[in-house]
Amino acid sequence: MRTRPLKVALLGCGVVGSEVARIMTTHADDLTARIGAPVELAGIAVRRPEKVRAGIPAELITTDATALVKRGDIDVVIEVIGGIEPARGLITTAFEHGASVVSANKALVAADGAALHAAAEKHSADLYYEAAVAGAIPLVRPLRESLAGDKVNRVLGIVNGTTNFILDKMDTTGAGYSEALDEATALGYAEADPTADVEGFDAAAKAAILAGIAFHTRVTMDDVHREGLTEVTAADIASAKRMGCTVKLLAICERAADGASVTARVHPAMIPLTHPLASVREAYNAVFVEAEAAGQLMFYGPGAGGSPTASAVLGDLVAVCRNKLAGATGPGESAYTALPVSPMGEVVTRYHISLDVADKPGVLAQVATVFAEHGVSIDTVRQQGKGGGTSHSNVVESGGEADLVVVTHRATDAALSSTVGALRELDTVRGVVSIMRVEGE
């Protein structure tokens, strides 16, 4: 066994970084045995050196991250500071000075993964980022290594624990969005500013990474259609229940049927209660992978938090250190297919549309005509008068107002959008209350 330790620089010592440092210290002997050489934490770059960090020697703390990665004796840099800069510059500098990099930075990898991989390859270094997607769940490595000989056609997943917690509470308690968000914040699942989670930015970054790996093509966050869950109402949840469904914020990456393009999107969707993802509760994550030879695979577990994310970081650290000892590098970017990313308008799925309509004769016929004119076939119609009466065929003729729910067969997003635009022009349609896609069938 090699006796000279592999030196590690840690950038960031927050929730994840402090847990990485703790595990590296408490499990040092196990890590040495698994890697084949000792691993030494050589320095930790932070922004607030005055903060008390229990169990971390003060002499390891520095505010000069650039000097730390430039030292020349650093074998691996672990980056858990997040954001685009200074993370990007520090990672590039690390490569230039002979270090490999382990990162948990989903935003950076999703935005600039191709350039980072190119820099790593240029300097014969590794870039690993298992922790950037779905926390402790092994997902990146299975996609780019275990399924490297297979053809992945679809990746469908819940990749944000905060939004899953919110939707789960809305489903199980009948709470509205604001109430469920307040509970998520009180329990520490949601940040003080939850925008990245509830507006889908976090999930979109993860979708870009997953699509790129699964389909061997370059997909950035700008390629991902994104919708958050702030418009999901208790009425949407109740309507889903009547259909035998639940609502989840899904990241969906698909290869076109002809194999000539891919799509990547994040949005709320109704999924049947019989689908494996429907049973994912609280703040857990789960990803459903459909491959040609392997069939259907599901990966499930905690998708965030200090310990789960640190577990993924340390798994990458072991792999990268082993590569260092072997004088080799692991898998880099695989983008040989160079498939185009199709716009959202070409996506084909089913839809659940809720309309506020005048409760009088002929309304249903007018609505059905609009759908037919735009090539969108109706599967079912459910109407409920504001007084509570329900019909599955004809609008109740009370002269008041009614809620009309239409569920379509599969159609393109563009066709559905043009249909909704035409519905808004009808005098008998007082408003389009909600539109939600139906997936997983």
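The values are calculated or read from the model by the stated rules, or taken from the named source; none is laboratory data. The shown structure was predicted, so the numbers you read here are calculated from the model rather than taken from an experiment. So basically every Cβ, Gly included, is an ideal-geometry build from the backbone, and we count neighbours across all protein chains shown.
Tell me yes or no: at least one residue of the stretch 358-379 is assigned to a strand (DSSP E or B), at pLDDT 95 or above and among the β-branched types (Val, Ile, Thr).
yes
For the condition in contact with a Leu (Cβ under 6 Å, 6 or more places away or on another chain) and among the small types (Gly, Ala, Ser), what is the one hit in Ala45, Ala54, Ala67?
Going through Ala45, Ala54, Ala67 in turn, just one is in contact with a Leu (Cβ under 6 Å, 6 or more places away or on another chain) and among the small types (Gly, Ala, Ser): Ala45.
Within the group Ser239, Ser178, which residue is of a type outside the set (Val, Ile, Thr), buried (at least 16 other Cβ atoms within 10 Å of the Cβ) and either on the phi < 0 side of the Ramachandran plot or touching a strand residue (DSSP E or B) at 6+ places or on another chain (Cβ under 7 Å) (or both)?
Only one candidate passes the filter, namely Ser239.
Here are the criteria: (1) more than 30 Å from Ile35 (Cα to Cα); (2) modelled with pLDDT under 95; (3) surrounded by 14 or more Cβ atoms within 10 Å (Cβ to Cβ); (4) among the small types (Gly, Ala, Ser). Tell me which single one Ser393 does not satisfy.
Of everything listed in (1) more than 30 Å from Ile35 (Cα to Cα); (2) modelled with pLDDT under 95; (3) surrounded by 14 or more Cβ atoms within 10 Å (Cβ to Cβ); (4) among the small types (Gly, Ala, Ser), Ser393 misses just condition (3).
Take Gly89 and tell me if it is in a helix (DSSP H, G or I), assigned by TED's automatic domain parsing to the domain that holds Leu41, surrounded by fewer than 19 Cβ atoms within 10 Å (Cβ to Cβ) and over 17 Å from the mean Cα position of the chain (by Cα).
So Gly89 fits the description; yes.
Considering only the stretch 307-314, I want to know if a residue exists there that is surrounded by fewer than 17 Cβ atoms within 10 Å (Cβ to Cβ), in contact (Cβ under 8 Å) with a residue 60 or more places away in the chain, within 23 Å of the chain's Cα centre (by Cα) and closer than 24 Å to Gly17 by Cβ.
Checked the stretch 307-314: at least one residue is surrounded by fewer than 17 Cβ atoms within 10 Å (Cβ to Cβ), in contact (Cβ under 8 Å) with a residue 60 or more places away in the chain, within 23 Å of the chain's Cα centre (by Cα) and closer than 24 Å to Gly17 by Cβ.
How many residues are within 21 Å of the chain's Cα centre (by Cα), among the hydrophobic types (A, V, I, L, M, F, W, C) and either part of a helix (DSSP H, G or I) or on the phi > 0 side of the Ramachandran plot (or both) if we restrict to the stretch 315-352?
Number of matching residues: 1.
Test Ala196 against the criterion of being farther than 18 Å from Ala107 by Cα and surrounded by fewer than 23 Cβ atoms within 10 Å (Cβ to Cβ), and give yes or no.
no
Can you name the number of the only condition in (1) of a type in the set (A, V, I, L, M, F, W, C); (2) more than 24 Å from Val39 (Cα to Cα); (3) in contact with a strand residue (DSSP E or B) (Cβ under 9 Å, 6 or more places away or on another chain) that Leu90 fails?
It is condition (2) that Leu90 fails.
List every residue pair whose Cβ atoms lie under 6 Å apart, where the two residues are 6 or more positions apart in sequence or sit on different chains, the first residue falls within the stretch 163-174 and is closer than 23 Å to Thr195 by Cβ, and the second residue, located anywhere, is of a type in the set (Phe, Trp, Tyr) and surrounded by 21 or more Cβ atoms within 10 Å (Cβ to Cβ).
Qualifying pairs under 6 Å: Phe165/Tyr189.
Are any residues in the stretch 189-207 more than 21 Å from Val287 (Cα to Cα), outside any helix (DSSP H, G or I) and not aliphatic (A, V, I, L, M), and if so, which ones?
Scanning the stretch 189-207 gives Glu191, Asp193, Pro194.
Name the single residue, out of those in the stretch 146-159 being surrounded by fewer than 24 Cβ atoms within 10 Å (Cβ to Cβ) and not aliphatic (A, V, I, L, M), that is nearest to Val15 (Cα to Cα).
Only one residue fits best here, namely Ser146.
Taking the condition in contact (Cβ under 8 Å) with a residue 12 or more places away in the chain, out of contact with any Phe, Trp or Tyr (no Cβ under 9 Å at 6 or more places or on another chain) and surrounded by fewer than 22 Cβ atoms within 10 Å (Cβ to Cβ), does Leu143 pass?
When the stated conditions are applied, Leu143 does not pass them.
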